[in-house]
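What follows is a set of notes on a single structure, which appears directly below.
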Amino acid sequence: MRYLTILVSLMCMALSVSAAKADRRVAFVVGNGAYKNVAQLPNPPIDAKAMAATLRNVGFEVIEGSNLSRDQMTEKLLDFGRKAQGSDVAVFYYAGHGIAVGGTNYLLPVDADIKSEMDVKLGAAINIDLTLDQTMGDAKVKLVFLDACRDNPFAAKIKSNSATRSVNVQTGLAEMKSGEGTLIAFATGPGQTALDGQEGNNSPFTRALIDNITKPGVEIQQAMTSVRAQVNEETHKGQLPWGHTNLIGAVYLNPSQQGQQVANAAPTATGAAPAAASGNTDAANVELEYWRSVKESNKPEELNAYLSAYPNGQFKALALARIAAIKTGPSTTTRTLNAGVDPATFTDEATQLTEDQIGLDKGSRRDVQHRLTGLGFDTKLTGVFTDETRSVIKRWQAARSYPVSGYLNKLQHKALLSEIVATAAPTANSGSSGQQPPRRAPSNTASAPAPVQRSGSGDAAGAAFIGGVMGGVVGGMLRR
């Protein structure tokens, strides 16, 4: 009887998987950034590539394109429309420039050259409402994601060429209402503009979509709630995604039985699995992922949440030690290193957005890497902030008792520039003492404070060396 039960269960699972695979899923994914007549956007093609890969991983046939002209976009849309007919789920994703004229939204091909309202309405731009109706009209479920709420690059031209009458040209995109079985999501609210993010990375909105919409067993409307929260937090409440939903049933982009298996495999003391561990099926891995998500937090409540979920967890001692360190404040050594630093540096958390606001070019990033290395936090001098550099920044932040995020803000960047870095190795031309006077790496930031001067070259080099060693030691102690 036991074997019969197992056999029946396996057959049911096989039928469920076959049914999921039988669903026809089609997606249109385009990112336009290499514009010919207005400012270029570096990230939309990167966003589109990442979104296409995400959707393919959950069974979508993806019609994908980057930096498309008007004719190329039309060709892709025709292909999408044919394949989306009668589909179970159709997704429309666009990143790039978009404009709103007279309450109607339009997408911009890279060859768009718009000088008037007439240019917009007679074909230089692509009417979103008409496009969605023609390509996705008879799909059972329609999901629309528009990461196109940037400043209207043609607004001034359109207004100047319509001086004889009033033309409503909006900032961002206009509000749209969804029809039956449709979810429409914008990167930000109607009439507002969204952030493109740091060059070479995903925008905050697309990054949140990728992180949430294909989580196993997570319903799409629940996922979009998480998307809004993530973007709002990452941008320090500077951007809040907006949408309109008229779905008539639950929609899962990742088969729900997988999510159910995860939930059953990983109960915690509070009765719910931590969100960060939803993809794991082993209880030990679940706890490990939860700990990783809070171990560098400067908020006692987040560490206490881990202790509540795992009162006898394997990282209990580390969590208690971290909480104690937060309450007692930075050590004497750290306070000495941070003397004269703006107090807000210890509380203002850095994000991708705050780092973007500094405006670091490649040379400035290389300078940051040089300084970190000189302080004992070795990293490669590439001028690009890779995952390795982010990890090093976290170590430096932890050693200085700044909020740990792996990103910089203006205060932290200023504090880093104020630190004395270790000197280069002595050369034959360094003088009879065999030492060079302390120097600071070149910086493009005009507001950087001048280096502290010492009475003698030997003392200065020794102080710089000791500062670098102490930074590395403190960083190592906090990592443990």
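The values are calculated or read from the model by the stated rules, or taken from the named source; none is laboratory data. Source: prediction; values computed, not measured. No Cβ is skipped: glycine too gets one built from the backbone with ideal geometry, and neighbour counts run over all protein chains shown. To get the accessible areas, we keep the full protein, side chains included, count just its heavy atoms, and leave off ligands, DNA and RNA. Shrake-Rupley method; radii C 1.70, N 1.55, O 1.52, S 1.80 Å.
Going through (1) part of a helix (DSSP H, G or I); (2) at pLDDT 80 or above; (3) not acidic (Asp, Glu) one by one, residue 377 falls short only on (1).
Would you pick out the residues in the range 343-360 that are in a helix (DSSP H, G or I) and within 18 Å of the chain's Cα centre (by Cα)?
As a first pass, look at the range 343-360 and keep what is in a helix (DSSP H, G or I): 343-346, 352-358.
Those that are in a helix (DSSP H, G or I) and within 18 Å of the chain's Cα centre (by Cα): 352, 353, 354, 355, 356, 357, 358.
Exactly one residue out of 232, 246 is modelled with pLDDT under 90 and either under 12 Å from the mean Cα position of the chain (by Cα) or of a type in the set (Asp, Glu) (or both): that is 232.
Within the range 314-329, none of the residues are surrounded by 14 or more Cβ atoms within 10 Å (Cβ to Cβ), in contact with a Ser or Thr (Cβ under 8 Å, 6 or more places away or on another chain) and at pLDDT below 75.
Scanning the range 67-126 for residues that are within 28 Å of residue 250 (Cβ to Cβ) and part of a loop (DSSP other than H, G, I, E, B) yields 85, 86, 87, 88.
How many of the residues making up the range 223-240 are free of Cβ contacts under 8 Å to residues at least 60 places away in the same chain and outside any loop (DSSP other than H, G, I, E, B)?
Filtering the range 223-240 down to residues free of Cβ contacts under 8 Å to residues at least 60 places away in the same chain leaves 223-233, 237, 239-240.
With the extra rule that they be outside any loop (DSSP other than H, G, I, E, B), the set shrinks to 223-233.
Of the residues in that region, 11 qualify.
Among residues of the range 358-379 that are more than 17 Å from residue 400 (Cβ to Cβ) and polar (S, T, N, Q), those with a Cβ under 7 angstrom from a residue that is open to solvent by 50 Å² or more (accessible area, probe 1.4 Å) and not in a helix (DSSP H, G or I), sequence gap 6+ or separate chain, pair up as 364/444.
If we scan the range 181-203, do we find a residue that is modelled with pLDDT of 85 or more, part of a loop (DSSP other than H, G, I, E, B) and farther than 18 Å from residue 94 by Cα? The answer is yes, given that some residue of the range 181-203 is modelled with pLDDT of 85 or more, part of a loop (DSSP other than H, G, I, E, B) and farther than 18 Å from residue 94 by Cα.
For (1) of a type outside the set (Phe, Trp, Tyr); (2) modelled with pLDDT of 90 or more; (3) over 19 Å from residue 127 (Cα atoms), each residue gets a yes or a no:
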site: 20; (1), (2), (3): yes, no, yes
site: 24; (1), (2), (3): yes, yes, yes
site: 28; (1), (2), (3): no, yes, no
site: 43; (1), (2), (3): yes, no, yes
site: 54; (1), (2), (3): yes, yes, yes
site: 66; (1), (2), (3): yes, yes, no
site: 70; (1), (2), (3): yes, yes, no
site: 93; (1), (2), (3): no, yes, no
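Look at residue 285 and say whether it is open to solvent by 60 Å² or more (accessible area, probe 1.4 Å), part of a loop (DSSP other than H, G, I, E, B), modelled with pLDDT of 50 or more and of a type in the set (S, T, N, Q).
So residue 285 does not fit the description; no.
Looking for something modelled with pLDDT of 90 or more and in contact with a helix residue (DSSP H, G or I) (Cβ under 8 Å, 6 or more places away or on another chain) - is there at least one such residue anywhere in the range 257-266? No, there is no match, as no residue in the range 257-266 is modelled with pLDDT of 90 or more and in contact with a helix residue (DSSP H, G or I) (Cβ under 8 Å, 6 or more places away or on another chain).
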